[in-house]
1. Specify which of the listed residues (Thr64, Thr59, Thr71, Thr38) is free of Cβ contacts under 8 Å to residues at least 12 places away in the same chain and of a type in the set (S, T, N, Q).
2. Under 7 Å by Cβ, and 6 or more places apart or on different chains, what pairs join a residue from the stretch 147-160 that is among the charged types (D, E, K, R) with one that is part of a loop (DSSP other than H, G, I, E, B)?
3. Which one is surrounded by the most Cβ atoms within 10 Å (Cβ to Cβ) among residues in the stretch 69-114 that are hydroxyl-bearing (Ser, Thr, Tyr) and out of contact with any strand residue (DSSP E or B) (no Cβ under 7 Å at 6 or more places or on another chain)?
4. Let me confirm something: among Val90, Val120, which residue is among the β-branched types (Val, Ile, Thr), without any contact (Cβ under 8 Å) to a residue 60 or more places away in the chain and in contact with a helix residue (DSSP H, G or I) (Cβ under 6 Å, 6 or more places away or on another chain)?
5. Report every pair of residues separated by at least 6 positions or lying on different chains whose Cβ atoms are under 6 Å apart, first residue within the stretch 100-113 and under 18 Å from Arg73 (Cβ atoms), second polar (S, T, N, Q).
6. Hey, could you check the stretch 140-155 for residues that are polar (S, T, N, Q) and assigned to a strand (DSSP E or B) and say which is farthest from Ala107 (Cα to Cα)?
7. What's the total number of residues in the stretch 125-173 that are under 24 Å from His80 (Cβ atoms) and surrounded by 14 or more Cβ atoms within 10 Å (Cβ to Cβ)?
8. Hey, could you check the stretch 2-31 for residues that are among the hydroxyl-bearing types (Ser, Thr, Tyr) and under 17 Å from Arg73 (Cβ atoms) and say which is surrounded by the fewest Cβ atoms within 10 Å (Cβ to Cβ)?
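What follows draws every value from the coordinates through simple rules; no lab data is involved. Remember, predicted model here, so these are calculated numbers, not experimental data. Heads up, the Cβs are rebuilt from the backbone with ideal geometry, glycines too, and the neighbour counts pull from every protein chain shown.
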Amino acid sequence: MKLRPYKACDAKTITKWLKSEYAFRQWSADRYDKYPITAEDMNLYYDRDKDNAGIWGMTAFDDTEIIGHLTMRFPDENNHDVIRLGFVIVDDTKRGKGYGKEMVSLAVRYAFDFIKVRKVSLGVFENNTAAIQCYKSSGFQVVELETVESYQCMGEVWKCIEMEVINLKEQKI
């Protein structure tokens, strides 16, 4: 598996993986107004940040096809010490086979080795147990926050779990 920058043509494949509104909201929270979304909707959403050097999409692929997608961003435009992952998704026909762990691990390695950040963080809904396990297997640990982030999704309040992985190489310097 390899990572490359997201291309607009990827959206046609990625949006097909969102087969239920529940899974869609686990992926995007309230960031989109409607379900289902089209490739055009996804690209319009991403086009809003096309001139923002602090956020970018990445697509995971192998020799034959696109396997997954995620975004990387600096949560604080004045601090490039932390990367935050978002919109993490793997082809729904390939889940449970280690592709998510591999993709997230590649993103973490990219953040540490090339961007030289101290920490990679993410938020995941507490009802997304498969994703939580994936992130834990990729080295992320749960972080307790004073205020728990939550979203109104599908008539319910969904709470987020904050997770992070620290660059241990950077701690030793």
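1. Numbers: Thr59 fails: free of Cβ contacts under 8 Å to residues at least 12 places away in the same chain; Thr71 fails: free of Cβ contacts under 8 Å to residues at least 12 places away in the same chain; Thr38 fails: free of Cβ contacts under 8 Å to residues at least 12 places away in the same chain.
Only one candidate qualifies: Thr64.
2. Lys159/Glu126; Lys159/Val148
3. Here the answer is Ser105.
4. From the options Val90, Val120, the qualifying one is Val120.
5. Listed by first residue and then by second, the contacts come to Val104/Ser138; Phe112/Asn167.
6. Step one: filter the stretch 140-155 for residues polar (S, T, N, Q), giving 141, 147, 150, 152.
Restricting the remaining residues to those that are assigned to a strand (DSSP E or B) gives 141, 150, 152.
Details: Gln141: 16, Ser150: 25, Gln152: 28 Å.
Per the criteria, the residue is Gln152.
7. Residues in the stretch 125-173 being under 24 Å from His80 (Cβ atoms) and surrounded by 14 or more Cβ atoms within 10 Å (Cβ to Cβ): 11 in total.
8. Filtering the stretch 2-31 for residues among the hydroxyl-bearing types (Ser, Thr, Tyr) gives 6, 13, 15, 20, 22, 28.
So of that shortlist, the ones also under 17 Å from Arg73 (Cβ atoms) come out as 6, 28.
Values: Tyr6: 21, Ser28: 19.
Selected residue: Ser28.
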